Amino acid sequence: MGCAPLVSTHLYDDRESALTSQISEWYSEDRWFFRDAVNSVVSYSISVPPRAVDPNSPFSVDTDEIYQELCSLVQANNLDPDDVNGFTNDKKLRFHLLVEDLCHIPNYDWTKMENRLQKFPDLERFLTNTNWKNTLRSHNLHPIAKSLNSDYKKDEDILAHLDYCLSYVDPTRDRVGDLQNHLLTRHQYPHTVPELQVIALLRRQFGKSSTEIESPIPNTNKDTDAKVTIQGHDIRIEVTRPDPDDMLRVGGIATRSYGRQTNPARGKVTQKARDQLEAVKGNTSDLTVLAIGKRLFGVSEEETADYVLGQRVLKIQDGKLVETREQSTIPLDPSTGNIDYILTFGANNTDRNISDPDARSFVIQSPPNVVTSGLKQAFDAKVEKYWIQTIYSLHSLDSIWGN
């Protein structure tokens with residue numbers, strides 16, 4: 001279907017209004033052509049490539065009209081057009097999600113799914129008493145439902161990964177209400193898996209009794225994702241992951257790039273620094289970790305490093321070309337002083353296996369070495385130590401790799 005972009009744009013020049021009426025016919029004839037065609041129309045209409053059309057006769061289509069047509073198709077297929085609301089208001093991603101829903105209408109065998117769940121006892125135990133079947137039915141698509149209904153190895157890996165993480169969670173003793181609810185909520189699922197990964201890694205290293213889940217912050221109605229005690233030091237961990245709209249994609253291809261000033265890591269770091277972590281610093285003497293989960297699309301570790309440490313530049317010093325960093329973005333927001341560590345973490349080989357993590361820990365303040373060493377071991381993390389001398393300047397004192 002490589003001709004879809006041509007069909008969906010150039011063949012409709014000067015008669016764009018006729019395009020919308022073709023969408024239902026595309027869908028009934030060939031869903032994959034429909035997917036490629038609609039995605040290319042939307043992408044082309046919202047951000048036309050330079051010199052792609054005659055400036056005197058631009059390609060112009062009413063994307064709102066196309067969106068309403070998609071919503072009508074979704075409703076006609078007994079799906080919920082509002083099931084994408086929790087993801088984003090970004091028009092291009094909403095189009096993409098609705099198209100994917102239409103191309104993957106679930107036909108679940110719930111008996112098969114119940115039987116398959118028994119192969120993953122820790123996941124089954126975690127979902128007990130959650131009304132998980134009705135909750136999954138309320139979504140057009142959900143990774144857990146899709147994986148339980150599938151026989152592909154990839155879906156087996158996803159379920160095995162969740163089962164591994166949840167082997168470190170005891171739903172009869174831990175505070176897991178939010179985790180259970182968010183794991184079964186479509187737009188919260190991508191954010192909840194990294195929380196489970198962090199909990200598993202912390203408890204594997206420090207034990208269940210030393211790692212608290214959803215730990216309340218004194219004198220507030222807030223909590224942090226985890227709290228761990230390392231040789232007498234209490235550390236609060238808040239986990240975040242770039243939102244789906246931060247990895248804006250159409251057809252599985254990332255379509256947005258980020259500079260230092262527009263890196264969405266900035267928003268994630270400062271949001272958490274002002275919210276839970278500010279409450280931690282204001283009401284406790286605990287150390288704080290902001291853990292940023294990596295993902296295939298969106299904010300990479302290098303982009304996060306540029307945010308935390310400053311842009312990499314080349315300089316000539318003493319007649320030699322050296323690499324250094326300048327203009328850290330951290331000083332642009334004083335609330336970042338609430339963070340002692342920024343941790344980037346993810347799987348080493350596949351995003352479905354966290355037992356062998358790939359992580360880097362940026363030491364922002366000057367916490368005890370025993371804590372830094374403990375976190376390094378838990379995440380198998382490379383460590384870079386930095387201290388904020390004042391809220392407006394960041395100086396590198398030393399860099400430690402693998403120590």
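Per residue, the range 61-147 exposes 46 Å² of accessible surface when a 1.4 Å probe is rolled over the protein heavy atoms with every protein chain present. Proximity of backbone amide H atoms, modeled 1.01 Å from N, is registered between ASP223 and ILE217 at under 5 Å, excluding neighbours fewer than 5 places apart on the same chain. Sequence gap at least 6, Cα distance under 8 Å: using those rules, report the relative contact order of the range 75-142 to the nearest whole percent. Across the range 75-142, relative contact order equals 40 percent. With θ taken as phi - 60° and the Karplus curve 6.51 cos²θ - 1.76 cosθ + 1.60 applied, the whole-hertz 3J(HN,Hα) list for the range 67-81 is 4, 5, 5, 4, 4, 5, 5, 4, 5, 5, 9, 6, 10, 9, x Hz, x standing for glycine and proline. Take every Cα pair under 8 Å whose residues are at least 6 apart in sequence, average their separation, divide by the length of the range 91-213, and the relative contact order is 26 percent.
A protection proxy built from the mean count of other Cβ atoms within 10 Å ranks the segments 226-235, 146-155, most packed first, as 226-235, 146-155.
Need the full-extension length gain, ARG204 to LEU321, defined as separation in residues times 0.36 nm minus the C-alpha distance. One decimal, nm.
Working: separation 117, 0.36 × 117 = 42.12 nm, distance 4.32 nm.
Gain in length upon complete extension: 37.8 nm.
Separation of the range 223-239 and the range 368-383, taken as the distance between their Cα centroids, equals 13 angstrom. In this rough spin-label picture, where each label sits 7 Å from Cα along the Cβ direction, the ILE105-CYS71 distance is 2.0 nm. Here the Karplus curve 6.51 cos²θ - 1.76 cosθ + 1.60, taken at θ = phi - 60°, turns the phi angles of the range 228-239 into couplings of 10, 10, 10, 6, x, 9, 8, 10, 9, 10, 10, 10 Hz, with x standing for Gly and Pro.
With the highest mean first, a sort of the peptides 357-364, 105-112 on other beta-carbon atoms found within 10 angstrom per residue produces 357-364, 105-112.
How high is the FRET efficiency between ARG137 and SER21 when r is their beta carbon distance and R₀ equals 30 Å, given to the nearest 0.05? Show your work: numbers first, answer last.
Working: r = 32 Å, r/R0 = 1.08.
That pair, ARG137 with SER21, gives E of 0.40.
3J(HN,Hα) along the range 32-38: 6, 5, 4, 4, 5, 5, 5 Hz, from the Karplus curve 6.51 cos²θ - 1.76 cosθ + 1.60 with θ = phi - 60°, whole Hz, x for Gly and Pro.
Sorted by packing (mean other beta-carbon atoms within 10 Å per residue), highest first, where do 93-103, 174-184 land? Don't skip to the answer; put the middle values down first.
Numbers: 93-103: 20.8, 174-184: 17.7.
So the order, starting with the most tightly packed, is 93-103, 174-184.
The values are calculated or read from the model by the stated rules, or taken from the named source; none is laboratory data. Note that the coordinates shown come from a computational prediction; the quantities given were computed from them, not determined experimentally. In this analysis, Cβ positions are derived from the backbone assuming ideal geometry, glycine residues included, and neighbour counts consider all displayed protein chains. Calculation scope for accessible area: heavy atoms of the full protein, side chains included, ligands and nucleic acids excluded. Shrake-Rupley method; radii C 1.70, N 1.55, O 1.52, S 1.80 Å.
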